[in-house]
Structures are given as C-alpha cells and as structure tokens.
Amino acid sequence: MARGLSLLLLLALALSAGAAEAGEIRGRILVSERADKPASGVTVSAVPWEAPGEEARREMKGGDPPKPIASVLTGADGSFVLAVPSEPGKEKLFRVRAEGAGVVPVLFQDVYDAAESEDVGEHILPHGEKLTGVAVDASGKPLAGAEVSLEAGVAGGDDLAFRVVTRKVVTGEDGKFQFDEASALGNRVTIEKANLAPTLQTGLRAGAIPRPIAVVAGDPVAGVVLGANKKPAAGALVRFESAKATTRWVETDAEGRFTIPHAPDGRGAVVVDAGDAGWGGRPDVKLPLGEGKSLAITLALPAALGGKVVDDKTGHVVPRAKVFLQANGFARLVRTAPDGTYHLKGVPTQKYRLTVDEARYVPWAKPDLALAPGEAKHLDIALTLGASMTGKVVDEAGAPVAAARGSLMRGGENALAGIRRMLRVGNEVTAFRTRADGTFKATRLAPGENQRLFVSHADFERATLAGLSLPSGGTKPNVSVVMHSGATISGVVKDTNNLPIQDVEVEVDPSVNFRAGAGGMVANFARLGGAGTRPRTKTAADGTFHVKGISIGEYALQIKKPGFATERVDPVKVTDKGVDPVTVTLGPGASISGIVRRKSGDGAEGFIVRVGGGGGRGAGGGGGGILGGMGTDLATASDGLFTIDGLK
C-alpha cells in the first residue's frame, strides 16, 4: 500500500512539474459613446501571431484563419483578465482581439508570449453602427454571391494601438449586403466577384450607401519577377494596388512568372513580396497594358538590422527582450539572445516603427527608422529600468473615486512644448485607472525628477500633482490625489427646424485667445490636457448635454455629428458663479474626400490635409496649425486617402 501511495505521489509531482502555467493579459475596454462608458460583454481573445507574409500566403490559398487559443468576456467595468496557457520549453506568440457587444472589432498590434503576464492598459473602441449597400454589375443588375469586405474607420488617437478586423459578408440574390460593426465615419468597403475586378469605396458613413456599387470587368496583368541575381524568383507574392482597389495576392511559378487575371483599369502599382529574397515593384503601371505586353520586375536587395539591447545604467545585456519592427504591410518579431543581441533579416526598404519591450523596463520606441536597399544597419539600444507608483484618488469628502485616469508628464517641459502637448492627438498614455476603492498601481514608468501627474474623471476637474520623483527600479508609494467637482457646462443642440438632435458629440477644447504682453503677444489656454483627455459627451434624445468637472476659465465647444456642419462655440466662460447654458443650431454639412499621392503614384501616408478659407466659427475657420483651426486638420491614411466631414 505504501509503495502504491509513493508511486501516486511521484506521478502527481511529475504531472505538476510538467503542467503548463498560464500567463495573464489584463486590460480595460471602453466604448466611444457618452463619456466613453465601459464596454461590458466584449469578447477578448488570444489569436496566434501571424506575420503579414504568412497571413497573405494563407489567404491566397484559401486557408482558414487561426482559431483563438483562449477567450474571456469583459466585466461590467470593461476590465478583463485573459489567461493564456503556455507550453514548457515552447514559445507561444499571440495578439489580442476584441469584438462583439456593439464595438468595432479590433486586433491590438502588440505581440505577447503565453509565458508572460502583461497589463495592456485601457483602450477606447468605436461603437459599431449599421452599414448597408447594394452591389450591381456593369449593366446595373443586382450582383449576387459577391464577397464584401468592411474595414471600419478608426479616426481618433488610438490607431497606433490597434487595427480594425476586416469583416466579410456575401451579397444576396438582390445584391444587398449589411454590416453591423461599421464606424460612424471613414468606412472602407471592397467588393470582389470571380472574373471581375475588385471595387473599393472609401470614406463611407454609417447607414445606407446612397448609390449602388458597380463591379465591372478588369484587365489582366502578367509579367516575370527576377531576383537581384537576375534569376527567376519562384514563390514570390504579387498584387496590383490602386486607388480603385487592391487585388488579391498571386504567386510566381518556377520561372518567376505571374498573372493577375482581373485588375482595375487605370494607374496603379505592382507590388512584389519575396520575403528574404527581396522586395520590388513597378510604381506607375497603367492598365490595360496592351495586347501581348508584360512586366519585368527585378527585386531589390533586402536590408538587415541588428544590434545589442543593454541596461542604460549598468551596461548589462537584456536577454529575451521583444524586438518588433513594423510598417505598412510588414511586421517582424524577434527576441534578444542570452548575450542581448538581436538580428532581423529580409527587411524591405522603407520607414519603420521599431519597439523594444521587456517586463522590467520602460517601453522603448523609434518611430522613424529608415532602411536602405542592401543595408546592414547596426543599432544598439539602451533600456531604462522602470519605476512604479502606488496611491489613492479621493473626492473632497474623502470618498474613493473609481475609474479615474492617470497620466504622467516629464519635468522640464517648456511652455511651447506644453501647448503642443495639449493639442496633439494621442500624446498622453494612460499610466493607471483607479480601482473601485480608488487605489491604483502604475508600473514601468519613466523615472525622473519633477514629474507631473494628471488625473481626470468625467465628473471632476482635472487634478494635477507636481514635483514627483520616480526612482529607476523603485516604487513611489502612498501618492494621494484629491479631485474637485467643478462646474457643469450644459446646453441643447437643435437642427434648422428647431428640433432636438440626439447623439451629437460635444467636446470641450482649450479656448485660444491672445493679449498684449512683454515682448509681443501672449496666448492664453485653459489647461485640459491632450486631445484624448478633453471632456466630451453626446446629446440625449431631447438634444441636451451636460459636461461635468470643468474648472474656472475660458473654453471652446466643438459640436459635431455626421451629416451636419460642425460648429464651434468660442469662448464659453466658466466663472465662480457657474456658466450660462449654451444653445447650438446645426445646419446641413458637406464633406471632402480625396487621395494624396507621391510622384511615384503611391499613396502618401501621414500628410496633413487642412481646411482653410472662409473665416467664421464653424468647421474650416481658424486657419489651422497648433493655434487655430482645431478639428479641421486630418492625416492621410496608409493609402493616402482622406475624408473631412462636417464642413459648411
């Protein structure tokens, strides 16, 4: 009997030693409605990591996407804890996807390992809206059985953190299609059907697309891909990209030849991805090519990147740090070796965002790393050991304030940098969100002296705590923050028929005004923080709105809703006696859509499109720049497209 018990005990110990431990991914999801309320019931999943090249080959061959390895629902406060089982001795990489419960589905850009535990912070997702349309053929007849893909718009400050998940449906016999997870603005729809060219529609608002979308025959594109050694490049991926649409990938044969059977006519670019063998393309191709004509494309030598990751104080190497190189259509992830070195090969020549991440250190990023053809770039990276901070946020009566958002700003910032910080989108990163009892813990903070802590909440004035000293590798304990109720800006929004308008977005901006001062003009600002933290709400069914937690000062209200002209009320004066109610009338709006191209014909990403002219206090007035025209500037998307809505 004793021998049997011993065997059972040994077996139990062996099983427990081999059992997989689960890493935990924590975070919180909000939905961009009134006051960015918590998004409960959202499905958060761990999806196996695929590099873009692997994903493209899978889709080309008609393979199914990888299934989630773990899932969980967000709670009533929008928070989640996703447990992902690991396997001993095996790296299991994944990304986090959020979907369902009325939000636009997204895939977060960071890549995690199942053996790690990480707090991904708080993210605001767009609210899902209905989008309907009709696909027709060249004769105007309904197009049944066509595949329709939706990329919802994600205009706002969070687009670096995630990308939208493409949703697909098939048209019915009447050519109709419907999505329930579109954004209010900026949606992109692609329609594909066998033996026809794909068709792209951009800048779509939620609701019914006003005109049928025609899908017509295209033109063939044929050619050969050669390596840098002038030999045929077999197995390379090729596609045609234009403002009208992007075709699916095709693969070169053993002789390096390819054929894209149906590409949209007009000008575009042929893009080739041969992985480690190189990258290439023809930037200015006009279709149709002409009978018997084909293309010859020679691959450019890929670049390489390598170096060592070390501690910035001790110089000691940092093993197993995640090194993530990312750009439009490309992503590569490696970990540093035991000696701290990393190597990335087969990298196409373009500008990248390089990030380095290790659980004990402040996240490191270089947003504009350029690599030239054939270049072997060496880049050593020094990481800073992070600081931690714990404390509690309470109101004037000492009661805990739950769900307060804290962000840090380093010391030594001058006035102009402060102005730019306030007006820049997505500048302030959430360091913590308080628990139900008002307590918080923030980790991996940048250490330093004289830092300022900003704490915001929809019901209170923005609180500031200056002079914080955060030690590298240490903890700043017992930080206490008291928040004050402040004033409330109230009002009503109506249309030109004097009827109330529901779901109008009302955002409180700093009011910019000038006065004479020593040495010239002085700009006055009401300090509200970055664009992502400015108070905002939406109107109720009767058109009324209430924005709480406003300090004494002068402000401007941005009033906007799709289909209406944006209005700006400036100034709104808040005194110790309160503030007068605001009444706003919205008239019909207009929009401008377009594309910005480089001389090569490629779409130009990140260029600012600005509405000027006219004067007045509606959209388009103010002249743009950091001291005016707030809300009229828009950066072009990855394909150079832009849509500016709410114009008069």
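Give, in nm to one decimal, the length gained when the segment between Glu173 and Thr575 is fully stretched (0.36 nm per residue of separation minus the Cα-Cα distance).
Net length gain for the segment: 138.5 nm.
Could you grab the relative contact order for the stretch 151-266? Cα pairs under 8 Å, six or more apart, rounded to a whole percent.
22 percent
Just to confirm the filter: which trypsin sites (Lys or Arg not before Pro) across the stretch 549-603 are DSSP coil and have at most 13 other Cβ within 10 angstrom of their Cβ?
Lys577, Arg598, Lys599
Using the Karplus curve 6.51 cos²θ - 1.76 cosθ + 1.60 with θ = phi - 60°, work out ³J(HN,Hα) for each residue of the stretch 96-108 in order, rounded to whole Hz, and write x for Gly and Pro.
9, 10, 10, 7, x, 6, x, 10, 5, x, 9, 10, 6
What is the distance, in nm, between label points placed 7 Å from the Cα along the Cα-to-Cβ direction at His343 and at Lys293?
Computed distance between label sites His343 and Lys293 equals 4.4 nm.
Report the full-extension gain for the segment Glu59 to Asp459: residue separation times 0.36 nm, less the Cα-Cα distance, to one decimal in nm.
Fully extending the segment from Glu59 to Asp459 adds 139.3 nm.
List the lysines whose Cα sits under 17 Å from the Cα of Lys560, skipping any in the same chain fewer than 8 residues away.
Answer for Lys560, where 17 Å is the Cα cut-off: Lys494, Lys538, Lys648, listed by chain and number.
Ranked highest first by average number of other Cβ atoms within 10 Å, how do 272-280, 82-90 line up?
Values: 272-280: 21.4, 82-90: 14.3.
Sorting 272-280, 82-90 by mean packing, highest first, produces 272-280, 82-90.
Would you list which lysines come within 23 Å of Lys577, measuring only between C-alpha atoms, while excluding same-chain residues fewer than 8 positions from it?
Lys548
Counting other Cβ atoms within 10 Å of each Cβ, which GluC sites (Glu not before Pro) in the stretch 313-420 have at most 11 and sit in a DSSP loop?
Of the GluC sites (Glu not before Pro), the ones in loops of the stretch 313-420 whose Cβ has at most 11 other Cβ atoms within 10 Å are Glu396.
Report the full-extension gain for the segment Ala234 to Leu499: residue separation times 0.36 nm, less the Cα-Cα distance, to one decimal in nm.
Separation in residues times 0.36 nm, less the Cα-Cα distance, equals 88.9 nm.
Which whole-Hz ³J(HN,Hα) couplings does the stretch 492-498 yield from phi under the Karplus relation 6.51 cos²θ - 1.76 cosθ + 1.60, θ = phi - 60°, glycine and proline marked x?
The phi angles translate into 9, 10, 10, 8, 5, 9, 6 Hz.
Between Arg26 and Arg335, with labels modelled 7 Å along Cα→Cβ, what's the label distance in nm to one decimal, could you check?
Result: 2.3 nm between the two label points.
Round to a whole number: what % of the accessible area of the stretch 134-292 belongs to carbon and sulfur, probe 1.4 Å?
51 percent
Given contacts defined as C-alpha pairs under 8 Å and at least six residues apart, what's the relative contact order of the stretch 197-258, whole-number percent?
35 percent
Exceeding 21 Å between C-alpha atoms, which entries from my cross-link table qualify? They are Lys130/Lys168; Lys90/Lys308; Lys176/Lys286; Lys293/Lys351.
Distance filter (> 21 Å) returns Lys90/Lys308; Lys176/Lys286; Lys293/Lys351.
The values are calculated or read from the model by the stated rules, or taken from the named source; none is laboratory data. Keep in mind that what you see is a predicted model, and the values were worked out from it rather than measured. So basically every Cβ, Gly included, is an ideal-geometry build from the backbone, and we count neighbours across all protein chains shown. Calculation scope for accessible area: heavy atoms of the full protein, side chains included, ligands and nucleic acids excluded. Shrake-Rupley method; radii C 1.70, N 1.55, O 1.52, S 1.80 Å.
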